[in-house]
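To keep things clear, I will list the structure first and then write my remarks on it.
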Amino acid sequence: MKYYYFHGYGSSPSASKAEAMREILGAENISAPDFNVSAEEVSDLFDKLIDEIKNSNDEVCIAGSSLGGLFALYVATKAGCKAILLNPALMPMVIVPKVTEKVPVSTVIIAQKLSLYAYEYYNKDNISVWVTDDPLINHNALTKPYFYKGVKEYIEFDTDTASGHEFTGFKNVFEKYIKNNK
């Protein structure tokens with residue numbers, strides 16, 4: 001299986017979650033694109049990734065964190081692959097203003113369009129959602145009822161296992177999931 005890691009806003013392809021995936025699965029099995037580029041470049045990157053995944057001979061799974069969770073859901077929906085969404089920021093109009101005042105309105109609008117597309121067309125059998133006690137995203141009020149009726153898997157981790165928006169404890173959770181589902 002081939003894995004991708006999509007980082008969140010203000011993070012990078014070398015985030016601790018990407019590094020944990022490389023350590024567990026081997027660096028050669030993980031691709032982690034950099035989304036710290038313009039909206040136009042992100043759009044081009046989506047097109048490239050969708051083509052790459054559709055033309056792959058491997059089964060593919062995208063793990064995406066926060067805003068990367070929205071990106072992962074969008075690309076997985078278009079490419080027809082699996083996705084694991086980690087504390088996903090799937091309602092950008094609500095979440096982004098909490099993060100920073102420097103995010104351009106056009107970026108928020110583009111993210112909201114991705115969100116609406118993914119909500120309309122996602123394959124619930126391919127989507128797993130993993131959430132923690134996230135102080136940034138109230139998943140009970142925003143994410144869970146809006147998106148996840150009938151998804152393959154929706155797991156809310158207790159604070160002893162994983163916690164916070166950064167998903168502290170991800171390495172142990174991911175390793176356990178991978179070992180049980182290979």
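Quick note: the coordinates plus some simple rules give every number you see, no bench work behind them. Note that this is a predicted model, so its numbers are computed, not measured. With ideal geometry, Cβ positions are generated from the backbone for all residues, glycine too; neighbour counts draw on all protein chains shown.
What the table shows:
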item: Other-chain or far-sequence residues with amide H under 5 Å of Tyr4's (modelled H); result: Ser31, Cys61, Ile62, Ala63
item: Bridge type composition, the chain - antiparallel percent by DSSP, nearest 5; result: 5
item: Sequence-distant residues sharing a close amide H with Ile155 (under 5 Å, placed H); result: Val129, Trp130, Val131
item: FRET efficiency estimate (nearest 0.05) - Cβ-Cβ, Asn55 to Ser14, R0 22 angstrom; result: 0.25
item: Label zone at Glu156, where the point sits 7 Å out along the Cα-to-Cβ direction: the range 121-135 residues whose backbone N lies under 12 Å; result: 131-134
item: The chain - Kirkwood radius from inverse mean 1/r over Cα pairs (Å); result: 16.2
item: Kirkwood-type radius of the range 2-57, with distances r between different C-alpha atoms, in Å; result: 12.0
